[in-house]
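**Student:** First the structure, which I've put down as structure tokens, then a few questions once you've had a look.
The values are calculated or read from the model by the stated rules, or taken from the named source; none is laboratory data. Since this is a predicted model, take the numbers as computed values, not measurements. Reconstructed Cβ throughout: ideal geometry from the backbone, glycine too, with neighbour counts over all protein chains shown. Accessible surface areas use protein heavy atoms only, side chains included; no ligands, DNA or RNA. Shrake-Rupley method; radii C 1.70, N 1.55, O 1.52, S 1.80 Å.
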Amino acid sequence: MLKLQQKTTQTMLALHGWGAVIFGLLLYWVILTGTIAVFADDINDWASPLPAAITETFPLGTDAMLRKAAADVAPEYLDELIVFATAGGRIRAFFHTHAEAEDGEHPEEKGVLFVFDPESGDILQRFEGTQSEIEAQSHYGKLGHFLVEWHVQLHVPSPWGLMLTGILGLSLLVACVSGFAMHRHLIKDAFLRRRRGGDVLSHKDAHVMASTWNLPFAFILAFTGSFYSLAGAFAIPAIAMVAFGGDQEKLIETVQGLPPAEDPRPAEMANIDTMLEDVRAAGHRTRFLTVDHWGRQDARISVFPWQAEGELLPKGYAFDAQTGENLGEKPALGQSPSLGSDLVALMGPLHFGNFAGWLSKTVWFALGFAGAYVCISGLTLWVKRREQQKTWQYLLRATLWSAWGLPLALVAAAAAYLLQQAGVLAGAVEPLMFKAFGLCLALSGILAGIVRRVTGVRRILVISLGLGLCALVALRLLLGGPGWVSAATGGLTAVVVLDVALLLGGAWLLRREWRKTLALPEEPLIDTGDMEVNTP
């Protein structure tokens with residue numbers, strides 16, 4: 001591979017190591033939550049299933065549901081509409097307009113949210129107010145949203161959270177480049193692992209092997225993640241400031257084209273079911289749709305489906321709102337299909353791994369899991385080489401706290417969600433999840449600080465996580481969730497698959513820890529050698 005001078009290699013090693021020390025723990029949080037969030041939609045289906053699976057995301061009768069809702073909102077809220085499926089296949093329709101926020105600067109969406117039963121067309125929930133007020137009351141899909149927000153911006157308010165995750169993405173790019181430059185034997189490193197008990201070389205080989213296999217994937221994730229975070233938080237405002245005097249709307253109009261001239265005259269809307277059927281006939285399953293200016297002459301309808309089998313790039317379709325005519329493909333960027341638009345559209349499938357259903361998402365999950373392990377093993381190796389310096393042992397404890405305390409806190413948040421849905425806990429679901437998450441994280445942090453032996457910290461947290469994963473399945477069943485037989489007969493694949501995955505994961509952790517306990521009756525004060533390659 002690259003033949004670098006010794007001084008250059010040392011510089012690269014320092015850049016790689018110190019970058020990991022500074023950003024490693026937060027980067028692990030972003031990678032792990034993103035890895036789990038690959039299955040965010042499936043997690044929502046698991047947490048809030050309907051009695052039977054929905055075969056069509058937007059079944060026949062969607063048009064009637066939307067017309068019924070449109071007749072029940074104030075005219076100003078007909079300005080914009082977004083419709084998509086949420087937990088279990090329920091249909092969520094948000095009629096809204098842009099209202100001035102309390103700070104007087106950033107517009108906030110305000111309107112009415114409807115949640116429909118896709119089978120009966122009945123309204124399950126109706127909330128009115130600003131988007132923040134509505135989101136504080138609704139609960140369907142909030143478990144997956146909780147995970148996604150950790151990944152996207154670590155629950156830090158915009159734009160600072162996006163800037164932070166963008167910087168973390170850039171730090172991962174630096175780690176990829178510096179790691180690649182230091183690999184003198186890339187192919188050999190991909191298959192080499194020396195087994196010498198708990199020595200540094202063995203664990204270095206495990207770290208190098210995992211990072212080698214994960215290198216292309218990590219680079220792709222870092223690049224696409226940085227694009228998503230920094231484009232909205234920094235790039236668009238910066239370009240608008242330089243070229244358009246700070247007018248972001250002018251920038252968007254220049255790229256996407258001017259909207260049609262305002263024409264508020266009333267007009268009858270075409271049947272949306274017919275448009276959705278047109279999309280299905282093309283081999284696509286609708287993901288979401290938008291309507292601008294419902295019931296007006298200048299109304300516009302766009303439908304955005306999932307990729308069809310064999311397709312990588314997502315597509316969008318524009319429809320004439322009055323005639324229902326398919327006006328052709330709606331590009332992700334610009335006014336007509338182009339290479340630039342395709343490149344922007346490619347970012348989504350590459351980052352989210354949602355282009356081939358469960359298969360691609362499982363691959364993305366496994367590779368993301370390996371990336372999370374690389375973060376933890378790299379930090380552990382850094383401390384292992386400096387184990388004579390007691391100050392670095394605090395980093396080791398923080399690493400173990402993050403490695404096991406974070407997933408344990410996510411389990412606690414999921415338990416709070418299930419309890420709120422069942423009516424056991426009262427209050428808005430997101431604050432309850434935050435409280436459960438924060439309390440669990442704080443307790444595991446205290447434990448990481450007071451337990452004398454580092455291996456004891458790991459052992460308690462791993463056992464707690466294993467028990468928590470199994471208890472989550474039991475809790476779902478005890479609170480009235482569908483059993484495996486009824487879930488299987490109802491086509492609720494996500495319920496069965498995720499239950500089995502949680503039980504297997506919990507049982508594997510418990511069995512592994514039991515075997516370690518038998519094999520290591522006497523533990524050293526500092527023992528990082530027991531972190532296996534398969535355990536981040």
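**Student:** Considering only residues of the range 127-152 that are surrounded by 15 or more Cβ atoms within 10 Å (Cβ to Cβ) and among the charged types (D, E, K, R), which is farthest from Thr224 (Cα to Cα)?
**Tutor:** Glu128
**Student:** Condition (residue is surrounded by fewer than 19 Cβ atoms within 10 Å (Cβ to Cβ), out of contact with any Ser or Thr (no Cβ under 9 Å at 6 or more places or on another chain) and closer than 16 Å to Trp150 by Cα) applied to the range 412-434: is it met by at least one residue?
**Tutor:** yes
Here is a yes/no grid of residues against (1) over 21 Å from Leu173 (Cβ atoms); (2) free of Cβ contacts under 8 Å to residues at least 40 places away in the same chain; (3) surrounded by fewer than 20 Cβ atoms within 10 Å (Cβ to Cβ):
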residue: Gly368; (1), (2), (3): no, no, no
residue: Ile376; (1), (2), (3): no, no, no
residue: Arg386; (1), (2), (3): yes, yes, yes
residue: Gln389; (1), (2), (3): yes, yes, yes
residue: Trp392; (1), (2), (3): yes, yes, yes
residue: Leu395; (1), (2), (3): yes, no, yes
residue: Ala398; (1), (2), (3): yes, no, yes
residue: Trp401; (1), (2), (3): yes, no, no
residue: Trp404; (1), (2), (3): yes, no, no
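**Student:** How many residues, within the range 118-132, are under 23 Å from the mean Cα position of the chain (by Cα) and not hydroxyl-bearing (Ser, Thr, Tyr)?
**Tutor:** 1
**Student:** Another question, then. Tell me the residue from Ala474, Ala487 that is in contact (Cβ under 8 Å) with a residue 40 or more places away in the chain, aliphatic (A, V, I, L, M), part of a helix (DSSP H, G or I) and open to solvent by less than 50 Å² (accessible area, probe 1.4 Å), please. Outline the logic, then answer.
**Tutor:** Working: Ala474 fails: in contact (Cβ under 8 Å) with a residue 40 or more places away in the chain.
After applying the criteria, what remains is Ala487.
**Student:** In the set Ala501, Ala448, which member is closer than 19 Å to Asp42 by Cα, surrounded by 14 or more Cβ atoms within 10 Å (Cβ to Cβ) and of a type in the set (Gly, Ala, Ser)?
**Tutor:** Details: Ala448 fails: closer than 19 Å to Asp42 by Cα.
Testing whether each residue is closer than 19 Å to Asp42 by Cα, surrounded by 14 or more Cβ atoms within 10 Å (Cβ to Cβ) and of a type in the set (Gly, Ala, Ser) leaves just Ala501.
**Student:** Residue by residue through the range 28-42, note down the ones that are out of contact with any His (no Cβ under 9 Å at 6 or more places or on another chain) and open to solvent by 20 Å² or more (accessible area, probe 1.4 Å). Break it down stepwise before answering.
**Tutor:** Taking the range 28-42 as the starting set, the residues that turn out to be out of contact with any His (no Cβ under 9 Å at 6 or more places or on another chain) are 28, 38-39, 41-42.
Within the range 28-42, Val38, Phe39, Asp41 meet the criteria.
**Student:** Within the range 60-103, which residues are within 25 Å of the chain's Cα centre (by Cα) and assigned to a helix (DSSP H, G or I)?
**Tutor:** Ala87, Gly88, Gly89
**Student:** In the range 57-101, which residues are of a type in the set (Asp, Glu) and without any contact (Cβ under 8 Å) to a residue 24 or more places away in the chain? Lay out the reasoning, then the answer.
**Tutor:** Residues of the range 57-101 of a type in the set (Asp, Glu): 63, 72, 76, 79-80, 100.
Selection gives Glu76, Glu100.
To keep it simple, each residue is scored yes or no on (1) modelled with pLDDT under 90; (2) within 12 Å of the chain's Cα centre (by Cα); (3) assigned to a helix (DSSP H, G or I).
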site	(1), (2), (3)
Gln10	yes, no, yes
Ala14	yes, no, yes
Trp18	yes, no, yes
Tyr28	no, no, yes
Ile36	no, yes, yes
Ile43	no, yes, yes
Trp46	no, no, yes
Pro49	no, no, no
Phe58	no, no, no
